[in-house]
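Taking it in order: structure first as structure tokens, then the write-up.
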Amino acid sequence: MNETSRRHFLRGAAAAVPALDMSFAQSCPNERINLAVVGFHGRGRGHIAGFSKVPNVRIAALCDVDERLFPGGIALVERLQGHRPDTEYDVRKLLERKDIDAVSIATPDYWHALITIWACQAGKDVYVEKPVSFTVVEGRRMVEAARKYNRIVQSGLNMRCEPEVRASMQLLHSGRLGKPYRAKIDMVKPRASIGHTPESSIPDGVHWDLYLGPTPYRPFTLNRFHYGWHFFWDTSTTDVGNTGVHYVDAARWGLNKPVHPVKVHSTGGYYIWDSDQQTPNFQVGTFEYADGTILDFTTNNLYAPPNEDANTYFTTEGYLTGGSRWQAFRGKFDPRPGDIAPSGVSERATNASFPKATYAPVPIDASAEAHVSHFENFISCVRSRKREDLYCEILEGHLSSTLCHLANISYRLGRKLVFDPQSETFAGDVEANTLLTRKYRAPFVLPDRV
């Protein structure tokens, strides 16, 4: 499909959206939903397994630029659902199909926005993996597309479906621990060196040009393919955007910040290994909101003690920690008569005389939280057409993914930045504003208007 024919197709599909919406919402809320999974080398296999468990969802098609994956994907669907799905290597052709109701996107990050926007224009609902976008501008376009075409778009930030996490956020928002003023993320995920790989011929069955899509054309190397794309600036959102975005999203959720921060500063580097990797394997950063609330993070891919509590929320009356399990505590000081040091007593003696804080556990009751997966929640909202019931609607995904993009912009420029939440720009900073978007390789171009 050339660019002219694709635009013709999308205009026609967009014109049909209201009819599709009314028909699906009103006449067949309980009928079978035909789903296509796009990208299934890694996380996409989890999508296949997850959606296969949802009643009346049929995985009708699989799409990937590596046709060598088709036999394994077909076998998985046949085992889980008892039928043989169709296969397609070009997502643009997949979106022409009128029998596909929704698409599930587990491609590399740099493809998320284009496929989501094209799918919305074609009248499909979308489940899109994290981070939802590759740039800040992409995220905003995705929100605009979802609104314009009245699509259900779920962000794959699936910590939001976990009952213990949901109960912990309710506790934090209830005020029983006071007011949160800071959230800290400490993510340890050791990764080995990717080493060096030479340029080589493109394997049979791999559509390399389509795989690169909007990114600059590069010769084929194994290090840039499949999971290796995480380590190059053309295709990577760094590990802040890859894994850290889950914890960033939970931190922003806990702080109850449906807005962007006003300041960001991130630093770090690539340490120990000698390899083709361009992105940092250690990164730290701080975000500051307009009211002074702080969100700070550390992502570490090197040797480090394992951490059980990836997220910590500091409040005016205690703290909440969350990782493999979630725990909350209220603090208390018990000043006693004579604790205030008399005049002339040294600072050391004064500090030693003050009592330490004691902490009492606060129970986190998750028994009332439904065990509904992120996939089930998406399908439920596809049927109801109530985007407000999504666990992580595309706007939430955009806000959290933007934090990762802002951190990476600060890291790459090597300085602190001031951000305007309303315009989603760095006021008067041409250099930083350039990194809010990217140069797209035709015909894989982000539209100015959706």
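Out of SER367, SER423, report the one residue that is in contact with a helix residue (DSSP H, G or I) (Cβ under 9 Å, 6 or more places away or on another chain), of a type in the set (S, T, N, Q) and assigned to a loop (DSSP other than H, G, I, E, B). Residue meeting the stated conditions: SER367. Just name the residue that is modelled with the lowest pLDDT out of those in the range 286-332 that are loosely packed, with under 14 Cβ neighbours inside 10 Å and hydroxyl-bearing (Ser, Thr, Tyr). Top of the filtered list is SER324.
When the residues of the range 230-252 are filtered to those that are buried (at least 22 other Cβ atoms within 10 Å of the Cβ) and hydrophobic (A, V, I, L, M, F, W, C), the one that is nearest to the chain's Cα centre (by Cα) is VAL245. Restricting the range 221-259 to residues that are assigned to a helix (DSSP H, G or I) and β-branched (Val, Ile, Thr) leaves a set whose member that is farthest from PRO280 (Cα to Cα) is VAL248.
Would you confirm whether any residue within the range 253-263 is crowded, with 18+ Cβ neighbours inside 10 Å, of a type in the set (Phe, Trp, Tyr) and either outside the structural domain of MET187 (by TED's automatic domain parsing) or within 14 Å of ALA407 (Cβ to Cβ) (or both)? Within the range 253-263, not a single residue is crowded, with 18+ Cβ neighbours inside 10 Å, of a type in the set (Phe, Trp, Tyr) and either outside the structural domain of MET187 (by TED's automatic domain parsing) or within 14 Å of ALA407 (Cβ to Cβ) (or both). Just one of (1) under 28 Å from ALA432 (Cα atoms); (2) assigned to a loop (DSSP other than H, G, I, E, B); (3) β-branched (Val, Ile, Thr) fails for VAL137. It is (2). Annotation note: Cβ proximity below 6 Å between a residue of the range 407-423 that is farther than 11 Å from THR286 by Cα and in contact (Cβ under 8 Å) with a residue 24 or more places away in the chain and a residue that is of a type in the set (Val, Ile, Thr) and surrounded by 14 or more Cβ atoms within 10 Å (Cβ to Cβ) (sequence gap 6+ or interchain) occurs for ASN408/THR238; PHE419/VAL262.
Just one of the listed residues (ALA119, ALA49) is of a type in the set (Gly, Ala, Ser), surrounded by fewer than 19 Cβ atoms within 10 Å (Cβ to Cβ) and without any contact (Cβ under 8 Å) to a residue 60 or more places away in the chain, and it is ALA49. The conditions of being of a type in the set (D, E, K, R), in contact (Cβ under 8 Å) with a residue 24 or more places away in the chain and either under 19 Å from ASP239 (Cα atoms) or in a strand (DSSP E or B) (or both) are not met by LYS93.
All of ARG441, ARG412 fail the test of being assigned to a loop (DSSP other than H, G, I, E, B) and of a type in the set (Lys, Arg), apart from ARG441.
The values are calculated or read from the model by the stated rules, or taken from the named source; none is laboratory data. This one's a predicted model, so the numbers in the text were calculated from it and none came from an experiment. For neighbour counting, all protein chains shown are included, and Cβ atoms are generated from backbone atoms with ideal geometry for every residue, glycine included.
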